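Right, one structure below, let's go through it.
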Amino acid sequence: MKCPTKNILIEYIDNEVSKDLRNKIDSHILVCEKCRNHYIQLKEDNLFIMNKLTNYQSFIDKNIRIAPRAVFNPVPKPLNLEDKLFSPKAQKNIVILKECIILCQDIRK
């Protein structure tokens, strides 16, 4: 087997490859030091990011309160995705997420 691409290794880590391809990559990683090191680095990055996102989710769960829904709404307002994405609350959350990603990148360096 040729060395798998970065995307294939990421799919492998995320268990998104077929059983046949998984077996081939397993065998390849055993004999190819370059791919083994690449796999280890991607796996560490994946675990690091998942840990940071889990911490971020915990922070949000503890610190952001969601307003209660109205008891009765006879005519639901049509969902306008643009309004939701560009609302002040959504923009604040996007900024927080960007800062979290930048922080994660800084910590990794």
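The values are calculated or read from the model by the stated rules, or taken from the named source; none is laboratory data. What you see is a predicted model; the values in this text were computed from it and never measured. Here the Cβ is made from the backbone with ideal geometry for all residues, glycine too, and neighbour counts use every protein chain on show.
Miscellaneous remarks
- Matching residues in region 9-29 - criterion: being without any contact (Cβ under 8 Å) to a residue 24 or more places away in the chain, surrounded by 14 or more Cβ atoms within 10 Å (Cβ to Cβ) and outside any loop (DSSP other than H, G, I, E, B): GLU11, LEU21, ARG22, LYS24, ILE29
- Residues being under 24 Å from GLU99 (Cα atoms) and either at pLDDT 90 or above or not aliphatic (A, V, I, L, M) (or both) - total across region 11-60: 15
- For region 1-10, filtering for residues that are of a type outside the set (Lys, Arg) and under 30 Å from GLU99 (Cα atoms) leaves 5.
- Residues within region 35-57 that are surrounded by 14 or more Cβ atoms within 10 Å (Cβ to Cβ) and among the acidic types (Asp, Glu), tallied: 1
- Residue match in region 63-77 (condition: part of a helix (DSSP H, G or I), closer than 29 Å to GLU99 by Cβ, modelled with pLDDT under 90 and not aliphatic (A, V, I, L, M)): yes
- Selection count, region 30-55, where residues are touching a residue at least 40 places away in the same chain (Cβ under 8 Å) and among the acidic types (Asp, Glu): 1
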